[in-house]
Protein chains: 2
Amino acid sequence: MLYQITIPQFTKMLNNLSLILDRAAQYASSKKIDFETLLHSRLAPDQFPLSRQLQITCDTAKFCASRLCAKEGPVHDDKERSLQEFKTRIEQTISYLGMFTESDFKGAEDRKISQPRWEGKNLTGTEYTLQHAIPNFYFHLTTAYAILRHNGVDIGKKDYLGPMPFKT
Amino acid sequence: MLYQITIPQFTKMLNNLSLILDRAAQYASSKKIDFETLLHSRLAPDQFPLSRQLQITCDTAKFCASRLCAKEGPVHDDKERSLQEFKTRIEQTISYLGMFTESDFKGAEDRKISQPRWEGKNLTGTEYTLQHAIPNFYFHLTTAYAILRHNGVDIGKKDYLGPMPFKT
């Protein structure tokens with residue numbers, strides 16, 4: 001169950017995010033704005049800028065997979081500064097997620113999940129996924145989207161959700 | 001599975017949202033701003049304001065439950081204009097979600113889900129939940145949060161996520 005509700009959907013949303021960044025870059029170019037100006041943009045002075053929102057979105061997906069399956073994930077040094085570097089970061093995250101199979105998630109639901117800032121406390125894998133990883137993933141993804149919308153980038157809900165597997 | 005990943009977490013996040021609105025109202029009062037000014041605030045001129053984000057957050061949870069279980073949900077006329085009216089709307093949504101049990105979700109995974117704007121097309125219950133309802137719910141909730149952050153309300157990620165069931 002935890003595989004099904006994380007890996008495919010994180011992958012889909014990261015692909016959507018990569019396309020949204022292309023649209024942001026096109027917008028910046030058309031307005032003769034440096035893409036870095038958008039990366040430094042934020043909605044409140046004490047909120048992370050777009051660059052950090054993008055990094056955390058990727059890391060939330062990466063850590064969710066690695067923690068649930070008790071594997072070491074790749075380390076990223078958070079030094080991206082261009083469209084291409086952020087698209088590469090997203091692609092690397094998607095590739096990492098693609099290495100997991102349902103069988104890697106055996107035992108994940110009851111696995112004790114912790115991280116340094118929790119000071120020794122832990123959640124079960126299910127609690128961590130439903131109450132922490134998924135809400136955080138969408139939080140940073142939507143905040144990235146909101147920063148771009150606020151800056152005038154012409155994107156909409158369909159770009160965020162991506163294609164639906166409609167049947168007739 | 002679909003019950004477990006929707007009803008308890010939607011309920012928790014709606015409770016968090018109600019507390020966030022209290023904080024917004026306290027902020028408005030301290031700054032001598034009408035709460036309605038926040039309700040009319042938006043991040044882009046062609047984006048829904050806070051009031052509509054709150055209504056859609058509630059409706060996304062309500063419709064997810066009612067559609068997955070093939071029940072008629074309560075109708076709301078979207079006329080809320082005050083803190084108390086929005087808190088009541090959230091409470092009514094939480095009460096509605098509380099009427100569902102796991103057994104109501106029997107058959108939900110393969111149920112054909114549609115809505116008028118899909119023009120006859122449909123998704124399975126699982127596809128709808130994972131790719132549409134959950135991402136939309138967090139989208140509108142996070143956008144509501146972002147509008148308040150942008151207006152200076154002193155809220156943080158912990159208010160969004162709510163309490164974690166930590167164990168030691």
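Counting Cβ atoms of other protein chains within 10 Å of each Cβ in B:91-100 and taking the mean gives 0. Between A:K32 and B:K157, the FRET efficiency estimated from the beta carbon spacing at R0 = 30 angstrom works out to 0.30. What the phi angles of the stretch B:104-116 give under the Karplus curve with 6.51, -1.76 and 1.60, with θ = phi - 60°, is a coupling list of 5, 8, 4, x, 5, 4, 9, 5, 7, 10, 9, 8, x Hz, glycine and proline written as x. A compact globular protein would have a Cα radius of gyration near 2.2 N^0.38 Å; the ratio found for the stretch B:57-168 is 1.22.
Treating the point 7 Å from Cα along Cα-beta-carbon as the label, what are the nm separations from A:T101 to the other copies, to one decimal? Nearest to farthest, the other copies are at 3.9 nm.
Neighbouring Cβ atoms from other chains, within 10 Å of the Cβ of residues in A:149-155, number 3 on average.
Each other copy holds its own label point for A:D159; taking that point as 7 Å from Cα along Cα to Cβ, the gaps run 2.8 nm, nearest first. Distance from the alpha carbon centroid of the stretch A:32-95 to that of the stretch B:98-168 works out to 23 angstrom. I need the Debye-formula profile for the protein assembly as shown: one equal scatterer per C-alpha, no solvent, reported as log10 I(q)/I(0) at q = 0.07, 0.14 1/Å, two decimals. Taken in order of the listed q values, log10 I(q)/I(0) reads -0.28, -1.23.
Mean separation of Cα pairs under 8 Å and 6 or more residues apart, divided by the residue count, gives chain B a relative contact order of 36 percent. Partner shielding of B:134-142 amounts to 6, given as the average count of beta-carbon atoms from other chains within 10 Å of each residue beta-carbon.
Take B:E36, push a point 7 Å out from Cα through the beta-carbon direction, and compare it with the same point in every other copy: 4.6 nm, smallest first.
Read-outs throughout are calculated quantities, based only on the coordinates presented, and are distinct from any laboratory measurement. What you are looking at is a predicted structure, and each value in this text was computed from that prediction instead of being measured. All Cβ positions, glycine included, derive from the backbone under ideal geometry; neighbour counts span all protein chains shown.
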